[in-house]
1. For C:Gly164, indicate whether it is at positive phi and within 35 Å of the chain's Cα centre (by Cα).
2. Which of (1) under 23 Å from C:Met368 (Cβ atoms); (2) facing chain C (nearest Cβ under 9 Å) does B:Ala70 not meet, given it meets every other one?
3. Restricting the search to the stretch A:133-192, which residues are free of Cβ contacts under 8 Å to residues at least 40 places away in the same chain, exposed (fewer than 15 other Cβ atoms within 10 Å of the Cβ), away from chain C (no Cβ under 14 Å) and over 24 Å from C:Lys507 (Cβ atoms)?
4. Can you say whether C:Pro107 is open to solvent by 40 Å² or more (accessible area, probe 1.4 Å), in contact with a Ser or Thr (Cβ under 9 Å, 6 or more places away or on another chain), part of a loop (DSSP other than H, G, I, E, B) and not aliphatic (A, V, I, L, M), as far as the supplied structure shows?
5. State yes or no: is A:Gly54 small (Gly, Ala, Ser), surrounded by 12 or more Cβ atoms within 10 Å (Cβ to Cβ) and not assigned by TED's automatic domain parsing to the domain that holds A:Ser128?
6. Mind counting the residues in the stretch B:126-183 that are outside any loop (DSSP other than H, G, I, E, B), more than 16 Å from the chain's Cα centre (by Cα) and within 10 Å of another protein chain (Cβ to nearest Cβ)?
7. Could you tell me whether any residue of the stretch C:366-384 is open to solvent by less than 10 Å² (accessible area, probe 1.4 Å) and either more than 30 Å from A:Phe135 (Cα to Cα) or part of a helix (DSSP H, G or I) (or both)?
8. In this structure, is C:Gln94 surrounded by fewer than 22 Cβ atoms within 10 Å (Cβ to Cβ), at pLDDT 85 or above, not in a loop (DSSP other than H, G, I, E, B) and not hydrophobic (A, V, I, L, M, F, W, C)?
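The values are calculated or read from the model by the stated rules, or taken from the named source; none is laboratory data. Note that the structure is a prediction, hence the values are computed from the model and not measured. Glycine also receives a Cβ, built like all others from the backbone with ideal geometry; neighbour counts cover every protein chain displayed. Ligands, DNA and RNA are stripped out before the accessible areas are found, and what is left, the full protein with its side chains, is counted by its heavy atoms. Shrake-Rupley method; radii C 1.70, N 1.55, O 1.52, S 1.80 Å.
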Amino acid sequence: MYIGWNILKSLWITFRRFVESYIDDLRWLFKKGFGKRYTPETLPVRQHPLTKRGIFTVQYPAERLPLPERFRGFPFLVYDDETGKLLCTACGTCARVCPPQCIWIVRATDPQTGKPLREPAEFYVDISICMNCGFCAEFCPFDAIKMGHEIEVMAFDRADLLLDLEKLRRPASYDAQIHPTDYAQKQARKGE
Amino acid sequence: MSPRKRQLPEIPPELVGTVHITPIDAIYNWARKRSLWPIFFGLACCAFEMIGTFAARFDPSRFGMEIMRASPRQADLMIINGTVTKKMLPQVVRLYNQMPEPKYVLVMGACAISGGPFQEGYNVVSGIDKYLPVDVYVPGCPPRPEGLIHGILTIHAKMERESLRNLRWYKKGEVPEPIPVPELGPDLVDWRLTEKIEAMQEEVVPSQVE
Amino acid sequence: MNESIGSTTDIVTHLQERFPDAVQPAPAPYQGILVAQDRLVEVATYLRDELDFAYLSSVTVVDYPQPLNGMPACYDVVYHFFQGRGGPLTLHVQADRENPVVPSLVPLFPSALFQEREAWDLMGVRFDGHPDLRRILLWEGFDGHPLRKDWKEVYYEEEHKPFGSRFPDGRPVPAESRSPFGDNLRYPPGWSPRDWRPLVDVWGYAPHDELARQEDPNHPADRVVLNMGPHHPSTHGVLRLLVTLEGERIVKLEPMMGFLHRCHEKIGERNVWLGNIPYTDRLDYVCAMSNELPYVLAVEKLLGVEPPPRAQYIRVIMAEFTRFLNHAVSIGFTGNDLGIYFTAMLYALEEREHILDLFEMVSGSRLMCNYMRFGGVAHDMSEEAIALARALAFERLPRYLDQLESYFTDNELFKARAVGVGVLPPEMAVAYGCTGPLLRASGVPYDVRRAEPYFAYDDFNFDIVVGQNGDVYDRYLVRVGEMRQSLRILQQALNRLPDGPIMAGRKSATLKVPAGESYGRIEAPKGELGFYIVSDGGPNPYRYHIRAPSFVNLGVMGEICWGHLIADVVIILASIDITLGEVDR
């Protein structure tokens, strides 16, 4: 017998899940009132593996998933909010460790003496090659390069994807905002 | 500038009451952008993230594009999702040629943009834009689903700016040439480079004689 | 089987006594034995029939333009043999540099079928007696054998990374500027496309056309050659299947690959040791976490580093979550290919999203985790991550599995399509080197986690799930059983997760690995994933070869599809479970 009990059982499961996605909306409506289901506060509840019921969809772009602190986007260079000076010392560790070799650094030299300075004159990251591995941030001895949380990056021209020093600069406050735990640890180490 | 805000042409006073100008562009573009069908086409790692995007959590049916067409004849959007290799390129170009106008190309991920981390590889095409006209690049390895959706919304915005009056595919006599399909020879044979290759070979041969 | 033979050293001594003039121990940093080229078949037959080395895992070639590590200038063909619980036994055969020819092992071990073709394609070593020695990853007519050390790419910059042009005076130079065509193209001198036509059989139709022309007196219908893919919704990517049909029955089926050949090994030989870890993620992109494990395992073997217990447990947790994820998605794809369309897939992808949330929380990326390091893991699992992992392993995923079984296992439609389809007999499975659920569904209880335990797998109670009939349905059952066992391991590991450091020693970007060779293998979700690496003591691998389970498992596809209907091909392919990133590398 081909069309049997188990097919009906399978269909029942899909049907139940279909109905559940509507029922959950109604449940929220009766409990909390109109328009209360799709709010930022309920997003973690709707996305949690145990409390999730009904529709699983994130209503992007109206709402967005929180990114974990460790999320690796594209690299950026941290500068000090007050002085505006980059933390980067142009040591070249990131350029050496980068697996696809998409970082280029020109070390600045003193115009008078010609000696190399501890800052970059030019810094390029080609994010059309970057594989988001995070090695540059992981191995940077000065915490000067970090992986950002920008996910909506796009371009109409390939040349725009070569980021130079201006496009890579971000303030330290931005770093503290997206990496709070990391930043707190760093401050604690400094205080000691 | 969005079409809704665009100033409609003024109706001459003698025709008021007999002629209505509707924002046909807006309606037309709205219909087009709400039914942008991508071609079911997976190349590499990014394809898996694209499948993830097209599943329950990011649900592209909110944008009218949940249906993925396996046939290029029914598709409007080609998402190049992953490394294009030299062996695969003839098929990619052929699929693109088979898609009807208007068609859009979204390049997803570092590999498809420039070859990415595999750029130096002997079998990797360093950027699909050398062969196909690209509308939007979405970098990342792979981009998060939000990044892909953002790229698709950018294509929507681009469609909104288009007007029936100046669209290429409604003009007479302007049939776009299909892109010559490369062949596999000693290396990938790009027919557009024929003259350049010959010129190069003439340069090479005398130097070898010396 | 000779009972007295136990460890690998004993076997080497035994073989030396048995074949005094053909076998000698390999030179110092290498393991295993060096076999004379003309006696290889004899030694291999003895290994298979008398010593029970029935499983030839990997065949690869190492190019030595100059003598290195005590190996003379040659092409060194390396074979890895395994027994039920022993191994590896490494066989080295040295081929001449001018005209490298080695006898083929395909008549003895069909698992060498694709691997020898790959070695011929990329290294240019001929295998005498191979039934079908054509190029496999590249195409007929490609200029050169690219994995040879003297073969340089168009965008060749330097022998090893890091490149000098990046620092301290690094201005961006696009790679295109290295080629006169502004593209990754190069043509042999004097070659012109004007008179050129693709003469050789680039797309491999010739053997099929020949078969189609033959007439079968018992079957009046014409034979048809059918091309499936590389753009086909059911080939899981860019696989191409070339099929000769008689009516609707398959007479000959041949998987064609290379459409995603990304030159992984060539690039891997240029990278520093550490730089290869993110590249391994891109192999099998469905289960990135477990791809990194055999590579770090192989390097750790050479370094002599043992990761601390917490790191080992975290690795096990990640590997088992990946296995669950892979099997869930694989079953979802099976449903997709059956015509259930997206339902099973959508349910699986929902669980995948939850597991990926965990991966992202722990490692920083959903897909390409880049989480393992030599001697440990990159980051510790936070309390939040452990809580999420517990929620998944104890409640969410078991619930999903129960639901999956209730709508799939007894589903009459699924059974009608799956039972008795694509039967793989156990002898054939072993001979073709199949591993993973494909092998175990045929009734062979072989699992690397038990046969050669790595990390902390010895600490856990779990069963090896074995099927009986070796058909598509049994493969599904084995996958479901393995998911249950994965959850069992996860629950034990999360309950007993020890405290302590997560790295042995310090992280180092520029690592030098002692000279030698090493073969690291794990039970990846798709089968045995092995990394064969050779080090010359420098900061880069000298040879970096990946033995991909999908690639070897595909070798049996032609055999098990024979006589089936064309509609069964997609479901058989789905039940083998391949990822093209791994097949083509």
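1. It is false that C:Gly164 is at positive phi and within 35 Å of the chain's Cα centre (by Cα).
2. Result: B:Ala70 passes all but (1).
3. A:Phe156, A:Glu166, A:Gln177, A:Gly191
4. Judged against the criteria, C:Pro107 is not a match.
5. Numbers: small (Gly, Ala, Ser): yes; surrounded by 12 or more Cβ atoms within 10 Å (Cβ to Cβ): yes; not assigned by TED's automatic domain parsing to the domain that holds A:Ser128: yes.
Judged against the criteria, A:Gly54 is a match.
6. Within the stretch B:126-183, residues that are outside any loop (DSSP other than H, G, I, E, B), more than 16 Å from the chain's Cα centre (by Cα) and within 10 Å of another protein chain (Cβ to nearest Cβ) number 4.
7. There is no residue in the stretch C:366-384 that is open to solvent by less than 10 Å² (accessible area, probe 1.4 Å) and either more than 30 Å from A:Phe135 (Cα to Cα) or part of a helix (DSSP H, G or I) (or both).
8. Working: surrounded by fewer than 22 Cβ atoms within 10 Å (Cβ to Cβ): yes; at pLDDT 85 or above: yes; not in a loop (DSSP other than H, G, I, E, B): yes; not hydrophobic (A, V, I, L, M, F, W, C): yes.
Against the criterion (surrounded by fewer than 22 Cβ atoms within 10 Å (Cβ to Cβ), at pLDDT 85 or above, not in a loop (DSSP other than H, G, I, E, B) and not hydrophobic (A, V, I, L, M, F, W, C)), C:Gln94 qualifies.
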